[in-house]
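A short worksheet on the structure shown next.
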Amino acid sequence: MFLKKNSNLGEKNGVSYLNGEVKYLSVSLNVYSYLVDGVLIDTGSQSLHRYFESFIDQADFDQVMITHSHEDHSGCASYIEKTKNLPIYLSEKTIDYCARHADYPLYRQLFWGKRKPFHAKAIPETFTSRNATWKVIDTPGHAFDHKALLNQETGQLFTGDLFVSERTKVVLAEECIPTIINSLERVLTYDFQDVFCSHAGFIEDGRAALERKRDYLLSIKHNVLTLHKEGNSAEDIRNKLFPKKYPIIKFSSGEWDSLHIVTSIINEMM
């Protein structure tokens, strides 16, 4: 399997970043690691370790915050543990999972590599960096252990995979749309300006973008429930609302699918 890999470095509003990308045929995936005020946020994937390890080697940081345990965010945490005497923080829900060899589907291993075990501490509700106090916001939905990080000094919000895109078309089987809506509403109660997404990068007018995503998902929820009450099956609803068949659906053997959007909404009502 021939994968094309590359990366780019950048800086935005005092936040340094590395964006790594993996491509195979028509499928292209990317992930960011951010560095700000002595905090490294997410560690990139093992498959892109030569890029992320170089970024890590040159970075000046005191602590690592991982937004959630998925392998594209935690893939180089073991390298940090081996090379730097620094604390790594993660939701306490997945500390034990990350201390073991990872278990996830083959296609994800091909794209993101095999995440090696590492040891982390429970991420606190608040923490301090060199010049700021941060709020850790519980934001499940994409993953049950997902957190967003708010720098209360600068108003910069790091959303992990809460945002990704305004108009969600496919999701992982484990994702839950109603829970994501609740998480979006929760972060919108805070005061922030800049939004940094782990896949979309810096989001212009980030608060408005998060509001648009919430409103879009609310409209999808309404449409799904309306069609369900009319007697449509989950598959029929998927075909009506999301007729396009995205390459990732076939490539992932259905782990990614628009159908999961529909079923997560229907299941909430049961």
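Points to keep in mind about this one:
- Cut-off 18 Å (backbone N to label point 7 Å along Cα→Cβ of Asn13), residues of the stretch 109-149: 131-137, 148-149
- Here is how the number arises for the chain: DSSP H runs of 4 or more residues each give -39500 (n - 2.57), the sum is divided by the residue count, and the result at 222 nm is -9500 deg cm²/dmol.
- Dipole magnitude (debye, nearest 20) for the stretch 49-189, charges at Cβ of Lys, Arg, Asp, Glu: 260 debye
- The modelled label-to-label distance between Gln193 and Lys244, using points 7 Å beyond Cα along the C-beta direction, is 3.4 nm.
- Pairs exceeding 21 Å between alpha-carbon atoms, taken from Lys5/Lys114; Lys12/Lys116; Lys169/Lys250; Lys84/Lys121; Lys82/Lys147: Lys12/Lys116; Lys82/Lys147.
- Amide hydrogen proximity for Tyr89: with H placed 1.01 Å from N in the peptide plane, the residues at 5 or more positions away or on another chain lying under 5 Å are Val64, Met65, Ile66, Lys121.
- Principal axis dimensions, the chain - Cα atoms, whole angstrom, descending: 58, 45, 33
- Rounded to 10°, Cα long-axis angle of helix 177-187 versus longest principal axis of the chain: 50 degrees
- Built amide H within the under 5 Å cut-off of Thr43, gap 5+: Ser74, Gly75, Cys76
- Toward the positive end of the charge dipole of the chain, with +1 on the Cβ of Lys and Arg and -1 on the Cβ of Asp and Glu, the farthest Cα among Leu227, Phe251, Leu217 is that of Phe251.
- Cβ-derived FRET efficiency at R0 45 Å, Met269 paired with Asp62, nearest 0.05: 0.45
- Given +1 at the Cβ of Lys and Arg, -1 at the Cβ of Asp and Glu and no other charges, the dipole of the chain around its Cα centre is 780 debye to the nearest 20.
- Per-residue HN-Hα couplings for the stretch 141-158 [Karplus 6.51, -1.76, 1.60; θ = phi - 60°; Hz; x = Gly/Pro]: x, 6, 9, 5, 9, 6, 10, 10, 10, 10, 7, 6, 6, 9, x, 9, 10, 9
- The stretch 139-253: mean projected area of Cα convex hull, nm²: 7.6 nm²
- In degrees, nearest ten, helix 206-229 long axis to first principal axis of the chain (Cα): 30 degrees
- Placing a label point 7 Å from the Cα of Val164 along the Cα-to-Cβ direction, the residues of the stretch 68-102 whose backbone N falls under 17 Å of that point are 68-75.
- Positive-pole candidate from Leu162, Leu150, Val187, dipole of the stretch 147-194, charges at beta carbon: Leu162
No value in this document is a laboratory result; all are computed from the given coordinates. This one's a predicted model, so the numbers in the text were calculated from it and none came from an experiment. Using ideal geometry, Cβ is built from the backbone for each residue, glycine included, and neighbour counts are taken over all protein chains shown.
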